[in-house]
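Notes for the one structure printed next.
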């Protein structure tokens, strides 16, 4: 699994907090992520308790939600995570450029500007697909309050109450929109933050191998958002 | 008060290989959930194991937690048992 050797000694000499041994921005992000773990645990934990504590069964996977579309969205987020880490590696190696021709290689070598732009595009596409999914679901009658009266889904639920979890549709709708909505909000905040960094720091080439703290910190946040989605996708869409 | 940066060395992971693992495991999850004739309980366990495995790959290699100091790892790990206690207590209250 090894490719390029990198030493921590190569990292820039940022002022490090005593104790954790890292610079304050990074320590702050880790503490924030630790608090976000508790936030999402509260949401996921409540979902588990509500779902498996019910005597009535919930809608079968794929009955209401569009799993293939969300599968593509999951793929987008995974791609954005790898492009983020490539952006981090690029600036650590001093590659500030967009694309550059490398002798002996057919593909051009991507720099920080290229990989961060790919991350932003993938993140924005994820949010776009999620908004599209919400519009479709609400159009079919799936709302945070359950299946809207007279909608297609309400009719399906009447015909097959077990498959569509008719008895607990309200609970299903509220937990689904709460969990995916808060995650989508996190992704949106990440995309806005990356856009800000892109225009104010990356394009003017303010980052260097000596100082790329912003990229490392936003990268941690972005990977965490990906990590949470991996769990949510399994729990909400596949189980 | 400042201290010097750590001077330990580590090897940069092959990020594209980890991306490939994540991609293949996502496909495997979807196939397991909808196509494979497996009992519901086994499916549930396997899906959860795969989700945790994928999350660990992201945390260890993309977030570089594998290469960080133990003191920093602890910051991220401390909420996990607390989270487990939170869920367990709520489930117990529901059950009993």
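FYI, it's all coordinate maths here, none of it is from the lab. All values reported here derive from a predicted model rather than from experimental measurement. Cβ atoms come from the backbone with ideal geometry, glycine included; neighbour counts cover every protein chain shown.
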Open item on the list: Run the helix sum for chain A: -39,500 (n - 2.57) per DSSP H stretch of 4+ residues, divided by residue count, reported at 222 nm to the nearest 500 deg cm²/dmol.
Closed with: -21000 deg cm²/dmol
Task: Whether chain B is rounded, prolate or oblate, judged on the alpha carbon gyration tensor where a/c under 1.5 counts as rounded - done: oblate
TODO: Return one number: the angle in degrees, 0 to 90 and rounded to the nearest 10, between the long axis of the Cα atoms of helix B:15-34 and the longest principal axis of the Cα atoms of chain B.
DONE: 10
Open item on the list: I'd like to know how region A:76-158 sits against the 2.2 N^0.38 Å rule of thumb: what's its Cα Rg over that expected value?
Closed with: 1.77
Open item on the list: Regarding the protein assembly as shown, what's the average projected area of the Cα-atom convex hull, expressed in nm²?
Closed with: 19.3
Task: region B:14-63, Cα convex hull volume normalised per residue, Å³ - done: 54
Open item on the list: Helix-only mean residue ellipticity at 222 nm, chain B, DSSP H runs n ≥ 4 weighted -39,500 (n - 2.57), per residue, nearest 500. What is it?
Closed with: -21500 deg cm²/dmol
Open item on the list: Compute the helix-to-body angle for A:24-52: its Cα long axis versus the longest principal axis of chain A, expressed 0 to 90° and rounded to tens.
Closed with: 20
Task: Cα long-axis angle, helix A:213-232 against chain A (0 to 90 degrees, to the nearest 10) - done: 20
Task: Euclidean distance between Cα centres, region A:121-169 to region B:57-82, Å - done: 36
Task: Length-normalised contact order for chain A - Cα pairs under 8 Å, 6+ apart - percent - done: 28
TODO: From other protein chains only, count the Cβ atoms within 10 Å of every residue's Cβ in A:223-232, then give the mean.
DONE: 5
Open item on the list: For B:67, A:176, B:62, A:39, which order do you get if you count the other beta carbons within 10 Å of each Cβ and list the fewest first?
Closed with: A:39, B:67, A:176, B:62
Open item on the list: With 20 Å as the cut-off, how large is the P(r) tail for region A:158-239, expressed as percent of Cα-Cα pairs?
Closed with: 52
Task: Bins of 10 Å, starting at 0 and running to the largest distance - Cα pair percent for region A:121-165 - done: 28, 40, 21, 10, 0
